[in-house]
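One structure is given here, and the rest of the page talks about it.
The values are calculated or read from the model by the stated rules, or taken from the named source; none is laboratory data. Predicted model only: the values in this text are computed from it and were never measured. In this analysis, Cβ positions are derived from the backbone assuming ideal geometry, glycine residues included, and neighbour counts consider all displayed protein chains.
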Amino acid sequence: MTTQRFTLGFLGGTGPEGKGLGLRLALAGHEVLLGSRDFARAQEAALELAQHVPPQRVRAALNAQVAVDSQVVFITVPYPAQRSLLEDLREPLVGKVVVSTSIPLAFSQGKVRSLPVEEGCAALQAQALLPRSRVVGAFQNVSAVDLLAPDRVIDCDIVVCADDAEAKRLVMGLAEEIKGIRAVDGGALENSGYVEQLTALLLNINRIYRGSRTMVKIVGIRGLDTPTAS
Ligand SMILES: NC(=O)c1ccc[n+]([C@@H]2O[C@H](COP(=O)([O-])OP(=O)(O)OC[C@H]3O[C@@H](n4cnc5c(N)ncnc54)[C@H](OP(=O)(O)O)[C@@H]3O)[C@@H](O)[C@H]2O)c1
């Protein structure tokens, strides 16, 4: 668990995923910048979070300012918006840890499918668009609805994938600051593709068991799971 406090920025931080992660990480003591294409929308989102955390801990900004002012930047826009957004922010994001949460999904006829991505997956696409940033894939399987309920303990694992070991450790530390979450090292960034695809399965299960918000727990990890008597 990290004790260092960071400025964490959310591109598209006005949606449930950006606001939810922002809320949880502001509660953990970090400064959070909620980004938007529209400053008024970002302000509205920041006011919402300020009901639960000290107001000075949450600020509104345009996405471009978020990229400049944040130490760690989360991509929390829909997958189709990622390419043009990141192309515009390549320079301010140089050297920074960038967390890819986006999932390439298609919804049709009551079903959810994973979309093919030329680069392999959304996280690899982000890394290709930001060659001098340190992209980490994480948080793709967590429910934003649960993140947004500040008193709810989120009992799930977050699989974190990256090629940069230090960036991965940092994001695993951030994930574990959210009550109930355990971070699991998912290996290289290319493994993010499996994590992203798992979300399609979870959403299909949510549709079968109406009202569910399924997440993931991985059992049997030697050294992480509680040993059983055998
Ligand atoms: N929702 C979940 O439970 C969940 C869970 C895990 C991962 N995710 C991933 O997290 C990401 C965000 O999810 P979300 O549900 O929060 O998404 P969302 O509400 O659809 O979008 C988030 C924000 O992205 C911005 N945006 C939308 N279209 C854009 C465009 N064309 N260009 C630039 N910005 C645009 C909007 O902000 P402004 O209009 O203010 O600019 C919007 O409020 C997605 O990639 C999703 O796959 C979501």
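Some points to look at:
- Members of the range 4-13 found to be at negative phi and either small (Gly, Ala, Ser) or crowded, with 24+ Cβ neighbours inside 10 Å (or both), listed by number: 8, 9, 10, 11, 13
- Of all residues in the range 103-112 being without any contact (Cβ under 8 Å) to a residue 60 or more places away in the chain and not in a loop (DSSP other than H, G, I, E, B), the one that is surrounded by the fewest Cβ atoms within 10 Å (Cβ to Cβ): 108
- The C-beta contact set for the range 144-155 (first residue of a type in the set (Ser, Thr, Tyr), second residue within 8 Å of the ligand (Cβ to nearest atom) and part of a loop (DSSP other than H, G, I, E, B), distance under 8 angstrom, 6+ apart or interchain) is empty.
- Of all residues in the range 53-68, those that are surrounded by 15 or more Cβ atoms within 10 Å (Cβ to Cβ) and either over 12 Å from residue 11 (Cα atoms) or free of Cβ contacts under 8 Å to residues at least 12 places away in the same chain (or both) total 4.
- Qualifying residues in the range 37-49 (those that are hydrophobic (A, V, I, L, M, F, W, C), surrounded by fewer than 16 Cβ atoms within 10 Å (Cβ to Cβ) and more than 13 Å from residue 11 (Cα to Cα)) - the one nearest to the chain's Cα centre (by Cα): 47
- Of residues in the range 103-127 being under 18 Å from the mean Cα position of the chain (by Cα) and away from the ligand (no atom under 14 Å from the Cβ), the one farthest from residue 9 (Cα to Cα): 124
- Residue match in the range 177-195 (condition: among the aliphatic types (A, V, I, L, M), at pLDDT 95 or above, farther than 30 Å from residue 151 by Cβ and more than 15 Å from the ligand (Cβ to nearest atom)): yes
- Every listed requirement among (1) within 19 Å of residue 212 (Cβ to Cβ); (2) surrounded by 24 or more Cβ atoms within 10 Å (Cβ to Cβ); (3) charged (D, E, K, R) is met by residue 196 save one, (1).
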